[in-house]
Amino acid sequence: MIHIKTPQEIEEFKAAGSLSKTVLRRAGRMVRPGVTTREIDQMVESFIRLHGAVPGFKGLYGFPASICASVNEEIVHGIPSDRMLVDGDVISIDTGATIGGWVGDNAWTFFVGTPAPETKALCEVTLDCLKAGIEQAVPGNHIGDIGHAVQTLAEKHGFGVVREYVGHGVGHVMHEDPNVPNFGKKGRGVKLQAGMVIAIEPMITLGTYRNHTLANGWTVVTNDGKPAAHYENTVAITKDGPVILTEDPDGPWCPFQGGV
Ligand code: MG
């Protein structure tokens, strides 16, 4: 069932979105060679709780942390650990906060030092895929228009589109209907209407999009070991067009570069 939010509810939603973006940006500032993913997770959890909010991921389906920290070939759902980031890595951080009864959800892939040129290109194209998907989030369009825009752009550059993990409705809980795939056909799927709030989150791979889950039951990795990128915003569909809710005073976008 799709929950339609009133304009007033969308206004209230912005507190959760803004805090989610603020903490994601702060997480990005910690990204540099030598830092561990656990240290980033601990900062994120403290920051969210300090602001009277609750980490959206901790305990969700049993996930043990406040961020998903997915490094290089890890696509999503990486578990924070004592792994130290090294120059040339990329790290996808997915996090969100619940406050005022609403959940924010956003993700960003940051560069650790200097990534390989093809990895940098993958990240730039994946962010462009997110932007292309958001442009389609208008009343009267369909879910398939979002996926089509993301898939077309990614595949034009020869990159892979992950099939098994998708965007989703967001509201009082992290995952609501409808699913928002990163692939699809124009005009197909649920018709978009004002008041829907969805997380659009392209997960794009440098090589194959085929993937598997590690023995820890969480971490999803590419089958060929090549890197993946993941960018996400929570977006309200309104009669005036898409409104990105995961936006803080610096806007809805983080820098690619970690540590800044
Ligand atoms: Mg999400």
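Each reported figure results from applying straightforward, stated rules to the coordinates on display, with no laboratory input. It should be emphasised that the depicted structure is a prediction, and the values quoted were computed from it without experimental measurement. Don't worry about glycine lacking a Cβ; one is built from the backbone with ideal geometry, like all the others, and counts go over all protein chains shown.
Here the dipole of the range 7-244 is about 160 debye; that uses its Cα centre as origin and unit charges on the Cβ of Lys and Arg (positive) and Asp and Glu (negative). Peptides 205-214, 4-13, ordered by how many other C-beta atoms sit within 10 Å of their residues on average, highest first, read 205-214, 4-13. Here the Debye sum runs over all C-alpha atoms of the range 177-247 as equal scatterers in vacuum, and log10 of I(q)/I(0) at q = 0.12, 0.21 Å⁻¹ comes out as -0.46, -0.99. Remark: for residue pairs K120/K226; K5/K185; K156/K186; K120/K185; K131/K239, the C-alpha separation exceeds 24 Å in K5/K185; K120/K185. Working ranking of peptides 241-251, 188-198 by packing, defined as the average number of other Cβ atoms within 10 Å per residue, highest first, is 188-198, 241-251.
Within the chain, which complete DSSP H helices have Cα atoms spanning at least 24 Å along the helix axis and a mean Kyte-Doolittle hydropathy of 0.0 or higher? Walk me through the numbers before you get to the answer.
Numbers: long enough: 7-30 (35 Å, -0.57); 117-135 (27 Å, 0.18).
Helices meeting the span and hydropathy rule in the chain are 117-135.
Modelled spin-label separation between D82 and R49, with each label point placed 7 Å from Cα along the Cα-to-Cβ direction: 2.2 nm.
So, R0 is 35 Å and r is the distance between the beta-carbons of E124 and D177; what FRET efficiency does that work out to, to 0.05? Before the final figure, lay out the partial values.
On the way: r = 31 Å, r/R0 = 0.90.
In this case the efficiency is close to 0.65.
For the range 7-244, the calculated P(r), taken from all Cα-Cα distances in 10 Å bins from zero up to the bin holding the longest distance, is 9, 34, 38, 18, 2 percent. So, in Å, what gap is there between the alpha-carbon centers of the range 165-215 and the range 129-157? Here the answer is 11 Å between Cα centres.
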